[in-house]
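Notes follow the structure.
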Amino acid sequence: MFMKDQRLSGLRWLSLFLGAICLGFSQPFVHETFGEKPIDSSGLTGLFALVGWLPLLLTFKQSTSLKQIFWRSVFVITIQRSIVMYWLLVAMSVFGGIPLPIAIFFLLLLTGFLACFTAGGFVVGKIIADRFNWPLWLCLPTGFACMEFLLNFAPAGGYPWGNVGMSFVTIPILLQGAAVVGVYGLAWLGMMCNGFIASWFEEDAFERSGHRSFQIIIAVGLVTWLAYGLTQTYSPRKTHVDAAAQSETLSNQEQGNRVVRIGLLQGNIDQGIKNKVALYGSEIRDRFHALQNQAIDDGAELIVWPEASLPYRFSSEAKQLPAKKVNGWDESSTRVMPPALIGGLAKQTPAEARERNPHQKPSKYNTIFVTDSNLNILKRFDKSHLVPFGEFTPWPASWIAGKLVPGMLASGMLEDPINLTIGDDEVRVAGTVCYEGIFPEITRHYTKRGAELFVNVTNDGWYGVSSAATQHLYMYAMRAVESGRPVVRVANTGISGWVDIYGELHDLTPMYETLAHIVDVPIITRDTMYTTLGDVIPLTLLLLYWILWTWALLTKNGRWLRATHRQRKVSLLLVLLVALIFASHFIVQWSDPATAKRQMGAIALWWLAIANLEPTRRKRLAFLFSTLLVLGLTLASGTSNIVSSFTQGAPINMSAAWLLALLISSAILVGIVSKVIVPARS
């Protein structure tokens, strides 16, 4: 049985701290003191994620208090994410000019906020475990994995950097499971491994037949995960891919493999220069011209420029890029320009801005121009998922920051891949810009539409020699395994290279070197279960937890709880307000996804207000009424969109998908506030 609630000893706090340190180092860690390679070249520190949560789970045996569970979780998660994302200090202190102590404060503020969000999963797991008499070691890790999945969408449009599933990207055997369940499925499996080990410390675990059944099921799942990884890692197809990656182009063609020779232009433009295009634009242009000429002379059949590397802005209605600015050739040049993917900026026209949002001024797209040999623009891949506070400011701070921080970007829409003739082959190519690499639904969207090759352009120069570039690169290893498609990546300051369909990295460049990097990429693909089913496992777990958690809040000893007179009045007011906010979205029909996020943010704020108005043990029926109303309207209005998201890989910025994800996350946040932060009155 679980012991009575008591304070932790110093030794227990030390174990929590050490566990958090291990979790932080379970993902690639790079510091310039030790060079530009990860301090663990073997990648085996990823195994820490299988046991690093154990000290935290074991302390829950000594706690019946939701508040203690919440704050202990926040302590561990804050340390873990601060280690993973320490590179933000470089961006803030070196390039932002923020004093280091203040930068550390902002880092802890960010990671602490994310920790409060995900720690709610442990709280929800505790409520469900108590209500249904299920084992804590099963419910708490599953609840946390659900919140990790929600971080993909909210808050601030999603910031899932550092999620548990990414810890396994450096372990090939465990990484292969992403082809079936995706990164969030791996996060759940990793958490369940911690929970399974914790179950052996529960004294009566083997005295309850139900608990034994749970243990057997989880054990079978973990063994299956390992067995699948082994079969994929040592399969004949993996051997074929390895041989193709190491073979010369001619040898690959003799074996029937399509191979494309790609020139990656790693310009190594210093961030201080890059930010002053007006002064250094010609210098930037000339450097890329020289690299491009070198790549063409070396036989490149496709040229790829890094993110926003073309130091000019073009209209979003432009049909062709000017040759003088892209290649600088005169009439005597005998070179032939191959197809190219060029990172640049496209300016919205006033009409386009008004069409997307009547209240929005013309902005810019962070984009990839796809051009043919005559520099005709065949297609653009506009960045659809922007970096919070870097490229856009989440509501409600946007109206203030928009006046203080100029140059915020507009989010684009996900398009279809393009059939591109590269050499003698036609390849269906899709482009992603920088931050989009952490969102698996984006690459899934392109894969469902026939993409055979992903090209990612990025600029990690903001973060110096730190973990950022390596972690970012490995995220595309995860995307390659999930989608079963090779990924080519070029970064302004490195690391550039490509990734095969089993997540193995090839032809990587050193950081902060200027070079035209030529890679021969075999176009070998495979169909994956994740492409077909998407995040069905985390979504199913999330919906199950939503139902169980709501049931646990509304019933006691098998009976429905009654609402007080005050709750009825407040719930009626809330229903009217939520209905008004929600109706405005579907009446106005703005295509900008930020609109949906703003409206759901307003709903979340109202929920928080209600949670603080009536902190009684009688669960808030006002919360139930508003929740059911918004959930019903969301499902009724967006069922087709949600279904298409999972059957056809629909864009992530479809209103219904955003609304549903933010609805659930904000509702869970309210439950945390009402159960943890606001103490219940007798």
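Laid out as a table, the results:
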| quantity | calculated |
| --- | --- |
| Residues within the stretch 139-177 that are modelled with pLDDT under 85 and farther than 19 Å from residue 473 by Cβ, tallied | 9 |
| Hits in the stretch 509-531 (condition: within 30 Å of residue 272 (Cβ to Cβ) and open to solvent by less than 20 Å² (accessible area, probe 1.4 Å)) | 509, 511, 516, 519 |
| Complete set of residues in the stretch 133-190 that are open to solvent by 10 Å² or more (accessible area, probe 1.4 Å) and at positive phi | 133, 156 |
| Listing of helices (runs of 4 or more DSSP H) fully contained in the stretch 260-335 that carry 2 or more residues being of a type in the set (Asp, Glu) and open to solvent by 70 Å² or more (accessible area, probe 1.4 Å) | 277-297 |
| Subset of the stretch 472-508 (residues that are open to solvent by 10 Å² or more (accessible area, probe 1.4 Å) and closer than 26 Å to residue 273 by Cβ) | 495, 508 |
| Pairs where the first residue, in the stretch 288-307, is under 16 Å from residue 488 (Cα atoms) and the second is of a type outside the set (Val, Ile, Thr) and open to solvent by 30 Å² or more (accessible area, probe 1.4 Å), C-beta under 7 Å, 6+ apart | 300/261; 301/261; 301/423 |
| Residues (farther than 18 Å from residue 368 by Cα and either touching an Asp or Glu at 6+ places or on another chain (Cβ under 7 Å) or β-branched (Val, Ile, Thr) (or both)) located in the stretch 277-317 | 277, 296 |
| Qualifying residue in the stretch 99-107 (condition: under 23 Å from the mean Cα position of the chain (by Cα), touching a residue at least 24 places away in the same chain (Cβ under 8 Å) and assigned to a helix (DSSP H, G or I)) | yes |
| Residue match in the stretch 38-59 (condition: open to solvent by 80 Å² or more (accessible area, probe 1.4 Å) and aromatic (Phe, Trp, Tyr)) | no |
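The values are calculated or read from the model by the stated rules, or taken from the named source; none is laboratory data. Since the model is a prediction, treat every value here as computed from it, not as a measurement. With ideal geometry, Cβ positions are generated from the backbone for all residues, glycine too; neighbour counts draw on all protein chains shown. Heavy atoms of the whole protein, side chains included, go into the accessibility calculation; ligands, DNA and RNA do not. Shrake-Rupley method; radii C 1.70, N 1.55, O 1.52, S 1.80 Å.
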